[in-house]
Amino acid sequence: MKSILIYILLVCVISSCVNDNELQNIEYYKIDPPIIKSVTALSNSSIKINWVENSKEVVKYSIYRSTTGNTFNKIAEVDWKLNYFTDNQVDTTESYWYKIKANSYPRDSRFSNTIKIQYKVINAELIKTENISTTDVKFHPFNDTFFSINYTKTPISLEIRNTNDLQILVSNFGYGYGFTIDRQGEIIASARDKIIDLWNYNTLEHIGALNVRGLIPPSHYLKFHPTSNVLYSSNLYFSHGSDIISWDIQSKQPSIVYESDKIITSFVFSPDGNDLVFNDNGKLYSINLLTNNLQPYLPYLPTDLIQFFFLNNNLFVAVNDFVNIYDLETHKLITKFKANIGQVLLSEKDMLVVTFDVDSFEIWDLKNGRLINRFSNSNNLNRGAFSLTSNHLILYSMDNNQLCLYKLLKSWGVD
């Protein structure tokens, strides 16, 4: 009895003289954390976590989850007899990180190891090819249709097709060389000769025409502003450079944004819509749309750029011999990987990038620079587009005039 009282007194003295961190190191209070062995998908909306216990003094287990990898929230508690938990509140648009803590008295264990699982593309399956002569493919922002120009018809026509099977939904609709659609998916602008035609996507009615200065039809590069219904066009003059013109769709009146001696064949808008960014001989320049001032853009970028994209408000993708991803706030390079780059197609929704040349094409996970799969390019694909609204990839072969439809196969997978 005396020995027991001395032992209890000793424990109380130790407890009063040490802080919580020191208490964790005392063997009497130590609870070893569990080890997560597997995270598997039971369905698209259900994920099962299995672990192994490391201590016999466990009362229950607490399961923690994060969608960022940084901030974790407790989502459940299970009895000590269980070594698994099923999360039925998951979404295929998110990535998930899990970790577990063993609960006992008077102290809990440290956290277990952390395991990440995400819904991602694991392969691509060629499901259909179709002969067509075209130069571009663009997708509707809100449904499973896409647009392509058919040069085999007279006059040259703009067609609307179903992304799932390439079926023509509307033919002989519009005509011209360059085309684009506004951010609401309602107005299509298509260029021909010195005219930009405006069409209503829902009714297919011709709703007006814009008179364009220019020399040849293919010079018209068209893009709607991301936050206003203003159309911008770049008209190429090989003798002295390019002009950029903005068009008010309601009044159909043009305004010269910039008269340039530079060759502007494509451009993008900054996330806030204040700057128009273009590539001239591998270097980026921006035109402030409020002041019309021209200046170098992101001068820390490589100077041999082939393509460039704003991935979202924080990330910028610059492509030369590598795919480089920069944080726009810190200006730091966060991901860089080598790919067989002839052309790059980007899906912001799925954080995927497709790179291809005449020999092969590759699908990459843009978040971590992981190669998902590499495919031989028997069709000599050197043009293409990426569906942003479905699970399909459409590539175009200029050499043999083929549209190739691939189905992207997705599944939950552990990183």
- [ ] Excluding residues fewer than 8 places away in the same chain, name every one of the lysines whose C-alpha is closer than 25 Å to that of Lys56.
- [x] Lys30, Lys37, Lys48, Lys74, Lys81, Lys99, Lys101
Task: Percentage relative contact order, the range 263-315, counting C-alpha pairs under 8 Å, at least six apart - done: 29 percent
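Given an 8 Å cut-off on Cα distances and at least 6 residues of separation, report the relative contact order of the range 18-113 as a percent.
Reported as a whole number, the value is 34 percent.
Can you put Ser242, Ser255, Ser66 in order, fewest other beta carbons within 10 Å first?
Details: Ser242 24, Ser255 11, Ser66 17.
Listed from fewest to most nearby Cβ atoms, that is Ser255, Ser66, Ser242.
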Open item on the list: For a test of the definition: using alpha carbon positions, the gyration tensor, and the 1.5 limit on a/c, classify the range 18-113 as rounded, prolate or oblate.
Closed with: prolate
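At 0.36 nm per residue, minus the direct Cα-Cα distance, what do Asp415 and Asn288 gain on full extension? Give it in nm, one decimal, please.
Extra length from Asp415 to Asn288 when fully extended: 41.6 nm.
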Task: Relative exposure of Ser233, Ser270, judged by other C-beta atoms within 10 Å (fewest first) - done: Ser270, Ser233
Open item on the list: With just the Cα atoms defining each centre, how far is the range 81-152 from the range 282-354? Give it in Å.
Closed with: 24 Å
Task: Fewest-first sequence of Thr92, Thr335 by Cβ atoms within 10 Å of each Cβ - done: Thr92, Thr335
TODO: Tell me the trypsin sites (Lys or Arg not before Pro) within the range 277-341 that lie in a loop according to DSSP and have at most 12 other beta-carbon atoms within 10 Å.
DONE: Lys332
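Every read-out reported here was derived from the displayed coordinates using simple, explicitly stated rules and does not represent laboratory data. Note that the coordinates shown come from a computational prediction; the quantities given were computed from them, not determined experimentally. All Cβ positions, even for glycine, are placed from backbone atoms using ideal geometry, and neighbour counts span all protein chains on display.
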